[in-house]
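Below: one structure, written as structure tokens.
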Amino acid sequence: MAMGAKQENWRDIIAERLRERNRNETSRYADIIAYNNRLFDAAAKLRQENLELKIDKKIRDSSGGTSGTDLNNAQIQALEKKVLAQQEELTDLHKRKGEHSQMVITLNQKLTELQRTLAEKEKALAEQTAMNVAMRDELEELKTSYITIKDESLAWQLNANSAEERLRGVQEENAKLLKLLMEYKSRDAEIMNKENDKFFREKKARIESELERAIKDIPGPSSLGGLGSDMDRFDFGSDGPPEGIEFKFDAHDGEVNAVRWSPVERVVATGGADRKVKLWDVGKGVCEPRGTLVGSNQGINSVEFDSTGSLILAASNDFASRVWTVSDQRLRHTLTGHSGKVLAAKFLGASFLVTGSHDRTLKIWDLKNRSCTETKFAGSSCNDLVTTDSFSIISGHFDKKIRFWDTRTADCTANDIPLQGKITSLDLSKDGKFLLCCVRDDTINLLDLRQNKIVRTFRHDLYKVGCDWARVSFNPTCQRIAAGAADGSVYIWNVNGPLETVLKDPKSDRDWFFHSGSGAAVTAVSWHPFSSVLASVDRAKKCTIWSNA
């Protein structure tokens, strides 16, 4: 009601001001209008007198009297002059009347415009008033919302403080549990070391007895001119190649690109296109998940344990490589710096590692400082690499060349070795004398690093390399090599040349006669470090454990 009364007062004030202005404007012309009216009256009276005179004149002319003609002529002339003067004055009054009429019209137009302006301003004022009322209501709502949000924020802050206190308690409890777990792990490691020592002693005794029998049966020197003797000293003759499947399980949600055995326990690590590294315990007669290592933003290309089995390294398509601790499965290092996907990563000594990338460079990283210490420009995409000691690196490239590097120098340390196709993977013998190279022309080459030349080539009519990152591997004794094929089979050759066996999954084999399995391509294989058990992964999300048990 107060707002409506205020609006009416404004309108009355503006209307009163306009009426007052109209009175002021018209009062200036009141005398002129009165004078004009008097002139109209005088002119009408003169017209009447003039008419009467004309009538009298006609009467006198008709009567023919001449006695008063001279007298009347003088009066008539005087009257005519007076009439002319009155007519001129009447004309002037008509002129002024027109001017005044035009002025009145102009003033009426201005008055109409002012009234329209007044109406527009009243409308704008009403809209502004309504807007002010709406804004006032909205402001009240905002104030109410602000108070509510402030109260909720205070409540959430109290909840956050309580949650932080609970988190600290959980972290302290977690630290205690972790310490207890590490103690148990330490005890398990001691037990495992004792078992390993016992295993090695028994293995050594068996090797020595087998070597004695083998030496007696050898008629002469090896046909490879030294290679045979170097390989024979690793021969575990009593352990044959794997014969069948021990486990087969779904490892990832996409293609599995990498597999590696732990050097200290019966645990397998796999890396897949689902951006995860997974650990699998296969030492209890069944396959059990050990943990999942997360943090990568794209697919995993390779996995690698350090020599103690406490760290695991993975190369990823997101241009980075990462290091996790196996015990608590926590991400410790994320190494970024490549401009292309990282295809291979290996440990280099205790505190360094080296990575090879699609961006045609190799980078050496210091784990203590989490920084790149050196970049080597290879000129071609690096598909795989191996390290021979703390200073030497061997890399295989897309341009069909093997390159040798020394971390103490910037360039290659020896001549490149060209092959007949793109190099998909490398593996080094334990004594560092022989290098195994998988080539995209469906061959596997064995190089003698002392001579820098190929000493043997492994091939088979049905063996086809399944992908550009297919990994091959020496067995622990360096007596055999294993390679996955495009048809889902695993081929095992003796290092002296002959093909020993082809491992297949009977469920996926549709043509036994031609040995052409119909499974997905095998991407990587890895031997157990102390036995003839073999792990393989494929593009159908599977991991297979092969053994001769």
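The values are calculated or read from the model by the stated rules, or taken from the named source; none is laboratory data. All values derive from a computational prediction rather than experimental measurement. Cβ sites come from the backbone with ideal geometry, for glycine too, and all protein chains shown count toward neighbours. Please note that ligands, DNA and RNA were not included when accessible areas were found on the heavy atoms of the full protein model with its side chains. Shrake-Rupley method; radii C 1.70, N 1.55, O 1.52, S 1.80 Å.
A few comments on the model shown:
- Charged side chains reduced to their Cβ positions (Lys and Arg at +1, Asp and Glu at -1) give the chain a dipole of some 780 debye around its Cα centre.
- Cross-link pairs beyond the 23 Å C-alpha cut-off, checked among 58/81; 278/346; 341/504; 198/430; 45/82: 341/504
- Signed unit charges on C-beta, dipole axis of the chain, positive-most listed residue 44, 545, 85: 85
- Close amide H pairs (under 5 Å, H built 1.01 Å from N) link residue 298 with 317, 318, residues at least 5 positions away or on another chain.
- Cβ-based net charge around residue 356, under 9 Å, with every Lys or Arg adding one and every Asp or Glu removing one: +1
- DSSP loop chymotrypsin sites (Phe, Trp or Tyr not before Pro) with at most 12 other Cβ within 10 Å excluded, longest remaining stretch of the chain: 1-511
- Accessible area expressed per residue, the chain, with surrounding protein chains retained (probe 1.4 Å, Å²): 58 Å²
- Viscosity 1.002 mPa s, temperature 20 °C, Stokes-Einstein D of the stretch 371-449 from Kirkwood C-alpha radius, µm²/s: 167 µm²/s
- Rounded to two decimals, the Cα radius of gyration of the chain over 2.2 N^0.38 Å is 2.28.
- Cβ-Cβ FRET estimate between residue 16 and residue 156, R0 fixed at 51 Å, reported to 0.05: 0.30
- FRET efficiency, 1/(1 + (r/R0)^6) with R0 22 Å, evaluated for residue 415 and residue 377 via beta carbons: 0.80
- Relative to the Cα centre, the charge distribution of the stretch 283-351, modelled as +1 at Lys and Arg Cβ and -1 at Asp and Glu Cβ, gives a dipole magnitude of about 20 debye.
- Placing +1 on each Lys and Arg Cβ and -1 on each Asp and Glu Cβ, with no other charges, gives the stretch 91-192 a dipole about its Cα centre of roughly 680 debye.
- With the charge dipole of the chain set up from +1 on Lys and Arg Cβ and -1 on Asp and Glu Cβ about the Cα centre, the Cα lying farthest toward the positive end among the listed residues 26, 415, 146 is that of 26.
- Heavy-atom surface analysis with a 1.4 Å probe gives the chain a carbon and sulfur content of 53 percent of its accessible area.
- Sites residue 185 and residue 459 - FRET efficiency at Förster radius 45 Å, r taken between beta-carbons, to 0.05: 0.50
- Each label point was placed 7 Å from the Cα along the Cα-to-Cβ direction; for residue 30 and residue 135 their separation is 4.6 nm.
- Exposed trypsin sites (Lys or Arg not before Pro) absent: longest stretch of the chain, with sites in DSSP loops and at most 16 other Cβ within 10 Å deemed exposed: 29-232
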